[in-house]
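The values are calculated or read from the model by the stated rules, or taken from the named source; none is laboratory data. Just so you know, these numbers come straight off a predicted model, no measurement behind them. Glycine also receives a Cβ, built like all others from the backbone with ideal geometry; neighbour counts cover every protein chain displayed. All accessible areas refer to the heavy atoms of the entire protein, side chains included, with ligands and DNA or RNA removed. Shrake-Rupley method; radii C 1.70, N 1.55, O 1.52, S 1.80 Å.
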Amino acid sequence: MFENIGFIDIQDDQEMTPLMPLNTEGEEDQTDVEMPGSLPLLALKNTVLFPGIIIPITIGRDKSIKAVRAAYESNKLLAVLSQKNMKVEDPSFEDLYQVGTVAKILKLFKMPDGTTTTILQGSKRFNLQRITSEEPYMEGEIEELSYMDADDAQEFAGLLTTIRELAAQIIKLSPNIPSEASVMLGNIKSDTFLLDFISSNLAIGMDEKQAILEEGDLMAKAHVIMGHMKREMQLLVVKDEIDAKVRGDIDKQQRDYFLSQQLKTIQEELGQSPHQAEIEELKKRAKEKSWPEEVAKVFEKELAKVQRVNPQVAEYSVLLNYLDLLLDLPWNEFTKDNFELAHVQKVLDKDHYGLEKVKKRIIEHLAVLKLKGDMKAPILCLVGPPGVGKTSLGKSVAKALDRKFVRMSLGGLHDESEIRGHRKTYIGAMPGRIVQSIKKVGSSNPVFILDEIDKVGKDFRGDPSSALLEVLDPEQNSTFHDNYLELEYDLSKVMFIATANSLASIQPALLDRMEIIQISGYSAEEKLEIAKRHLIPQRRKEHGLKSNQVTIRAKALKEIIRDYTRESGVRNLSRQIAGVMRNAAKQVAMDETPKVVVDAHKLSEILGPKRFSRDAYAKIKVPGVAVGLAWTSVGGDILFIEASRSEGSGKLILTGNLGDVMKESATTALSFIKAHGESLGIEAESFAKTDIHIHVPEGAIPKDGPSAGITMMTALTSMFTGRLVKPYLAMTGEITLRGRVLPVGGIKEKVLAAKRAGMKEILLCSENERNVREIDKDFIKDLTFTYVDDMDDVIKVALQSG
């Protein structure tokens with residue numbers, strides 16, 4: 001409101017700037033103006049002229065110039081109306097509002113640029129009856145409008161007083177309105193002119209101003225104006241509150257800074273500076289550290305820098321955090337190893353059943369360390385299927401050696417700085433997770449588990465596996481460099497144990513730095529012992545049961561292992577035992593029985609129907625189906641190879657989501673059969689007239705590798721000859737075009753998978769016999785192994801006589 005007070009040139013009839021008349025009686029001074037019945041019309045585009053208000057206007061339209069000149073040459077009176085649509089250049093009767101203001105031309109100027117400028121003063125309101133002429137300018141017949149006096153003079157006077165007060169408050173709150181405006185308002189004596197003057201200066205739309213002009217009831221007009229003023233007042237109050245809050249925040253910051261400086265000065269006078277106390281504490285801790293000389297020099301240098309820096313600046317806290325890290329790291333601090341090898345062996349055997357290779361390697365390392373006194377720690381990589389105890393083994397090793405234990409999960413790690421840290425110049429910089437973990441355990445020789453090292457990622461942020469090369473190289477990790485620390489840290493005494501499910505995704509250079517120890521899946525006998533020694537006591541305790549409240553019979557436990565789980569590890573077995581314990585806890589808690597005995601015949605009620613069947617392999621009654629053995633990252637498994645034929649043109653169709661190597665094995669097997677068809681009793685003509693389809697079930701699972709070669713060969717030969725494959729026979733091995741059988745890997749996992757599935761005989765390459773000897777004889781005592789060198793031997797053993 002009142003932002004437009006002043007004189008501004010307005011171009012092309014588009015915008016008006018209301019002015020205060022020199023005589024503030026306003027409209028009352030114009031009552032003696034005699035209003036003729038017809039006057040020239042002047043259309044304004046985006047403003048409304050009120051009675052008593054003076055406005056300057058620069059005229060652009062030809063008709064408007066002619067109308068103003070005609071009026072100026074006669075009685076100097078104009079009928080001023082507002083356009084409904086400012087875009088209309090030549091308005092007609094329908095384009096104009098019907099209520100306007102008669103204006104007197106005070107001055108008329110011819111400007112140097114050729115335009116015409118005039119100063120108008122509003123006089124009285126009128127109603128346009130009709131337009132009597134449109135050329136050379138618009139002229140219309142008008143009728144004077146008068147105001148309806150207020151019925152209640154006292155109420156009207158109070159309303160005007162409120163409007164004056166509101167106007168004074170708005171002038172006070174608005175920074176853009178000069179204080180002289182309050183004096184101008186005080187000098188206005190006419191009630192109607194007061195309303196018109198305020199209306200003209202309200203920050204509202206033209207339609208709303210026109211509505212105020214058209215209002216003939218003074219009481220109603222005053223109410224409308226006060227409503228607009230209240231809304232404007234509310235906006236100004238909110239704006240003022242926001243400005244005050246911002247000023248208050250700035251003032252508070254300045255006040256806090258001033259007080260903190262005063263407090264600092266007072267504390268320094270009293271010898272109680274908190275920053276000085278921090279520095280003294282750092283010096284005291286540094287005297288107790290036995291760190292390398294190079295670290296001590298860096299510490300002293302950084303400490304001197306801290307003493308010079310203003311505590312209020314951001315660099316102070318960065319330097320302080322760095323010094324804290326130097327003091328928190330366990331430089332040359334080691335735990336004492338337990339060299340009682342018999343005790344170490346006992347702890348490892350108690351916590352983990354099996355895993356003899358790992359235990360043997362740990363004992364060997366401790367034996368050398370005991371004799372030599374100093375030796376770089378080995379970097380082991382335990383590779384095996386999930387659930388065989390790779391991660392938990394690290395805890396047992398730490399417990400057996402009396403060392404601290406720390407675990408770092410590498411699964412999904414993408415950022416190289418997670419290993420090496422950030423440079424401390426960056427905002428929010430911190431050391432890498434290796435240094436953080438060493439700081440956390442407070443020892444320079446912990447057992448450090450690098451979990452899931454095969455699942456490290458790689459993207460634009462760097463390659464963490466490349467950063468691990470320095471960590472896991474015994475020749476380099478004695479001088480490990482962290483970007484945040486900017487000092488060399490000795491990791492050579494740390495016993496790193498990495499875990500992985502597969503070696504395929506590990507970078508070759510990283511693989512070369514680690515000592516690989518393969519951990520095979522557990523046999524049924526091993527699972528039985530693990531369940532008795534560890535899983536049952538653990539789950540029983542977790543479910544709040546005592547040893548005398550629940551008993552699982554050995555036969556029931558064997559059936560859980562055989563019919564409810566089929567895995568290399570024991571995680572699913574642990575879940576099934578937990579299900580049994582929950583059922584027992586329910587019975588004990590509900591006082592159904594004081595002791596629960598779980599027999600084999602009760603398992604279907606507790607765990608549901610059997611999930612795996614051993615009879616599926618006994619139901620194979622058609623030729624062309626053989627059982628192969630496969631190795632996966634989660635252990636061994638068995639798979640069916642199915643072959644069938646139909647009339648056609650000799651095409652080979654392969655289905656079951658097979659990889660390229662497996663497809664090549666099928667092609668090789670078929671080529672061998674075609675080359676030796678006569679000796680196998682197969683007519684040569686049948687190949688050209690037959691389409692062959694090889695399918696491996698469970699098509700949603702990708703399959704690849706050469707080890708299914710002899711299985712495909714056996715299935716195809718069985719299909720062509722019509723001879724059934726021997727029941728309960730599983731096989732694995734690669735074949736060549738010459739009919740040789742080559743060795744394959746993952747033998748222990750495959751043999752254990754065959755035993756879990758109920759196989760009785762396994763066909764292997766002769767060179768894989770050494771792998772079978774590594775398996776405990778007690779685990780494979782019910783299996784028969786047949787070793788072959790070529791495909792003729794395979795066919796003789798695998799196919800039944802026709």
Length released on extending from Ser502 to Ala675, taking residue separation times 0.36 nm less the Cα-Cα span: 58.5 nm
Mean shadow area of the chain over all directions, Cα convex hull, nm²: 68.1 nm²
The range 489-549: trypsin sites (Lys or Arg not before Pro) in DSSP coil with no more than 10 other Cβ atoms inside 10 Å: Lys546
On Cα atoms only, tilt of 709-721 relative to the major axis of the chain in degrees: 70 degrees
Å² per residue, accessible surface of the range 725-802 at 1.4 Å: 46 Å²
Among the listed pairs Lys399/Lys527; Lys424/Lys455; Lys350/Lys399; Lys350/Lys493; Lys440/Lys541; Lys541/Lys602, those beyond 20 Å (Cα-Cα): Lys399/Lys527; Lys424/Lys455; Lys350/Lys493; Lys440/Lys541; Lys541/Lys602
With Cα atoms, 0 to 90° folded angle of helix 356-372 axis to the chain main axis: 90 degrees
The range 711-802: GluC sites (Glu not before Pro) in DSSP coil with no more than 13 other Cβ atoms inside 10 Å: Glu774
1.4 Å probe accessible area per residue over the range 542-674, in Å²: 52 Å²
Calculated FRET value between Thr391 and Ala304, using beta carbons and R₀ = 60 Å, to 0.05: 0.85
More than 19 Å apart - percent of Cα-Cα pairs taken over the range 357-474: 54 percent
Cα-only Debye scattering, the range 33-176: base-10 log of I(q)/I(0) at q = 0.10 Å⁻¹: -0.42
Percent carbon-and-sulfur accessible area, the chain, ignoring ligands, DNA and RNA, probe 1.4 Å: 50 percent
Percent of Cα pairs exceeding the 18 Å cut-off, where the set is the range 476-540: 64 percent
With Cα atoms, 0 to 90° folded angle of helix 293-308 axis to the chain main axis: 10 degrees
Amide H contacts of Asp704 (H built 1.01 Å from N, under 5 Å, at least 5 apart or other chain): Gly659
In the range 430-521, chymotrypsin sites (Phe, Trp or Tyr not before Pro) in a DSSP loop with at most 14 other beta-carbon atoms within 10 Å: Phe460
Gyration tensor over alpha-carbon atoms, the range 508-603, equivalent ellipsoid semi-axes in Å: 33, 14, 10
Nitroxide proxy distance, nm - points 7 Å out along Cα→Cβ at Tyr257 and Ser92: 6.9 nm
Inter-site label distance for Lys283 and His695 at 7 Å from Cα along Cβ, in nm: 8.5 nm
Gained length - Val238 relative to Ser74, 0.36 nm times residue gap less alpha-carbon distance: 53.9 nm
Cα gyration tensor category, rounded, prolate or oblate, for the range 97-189 with a/c compared to 1.5: oblate
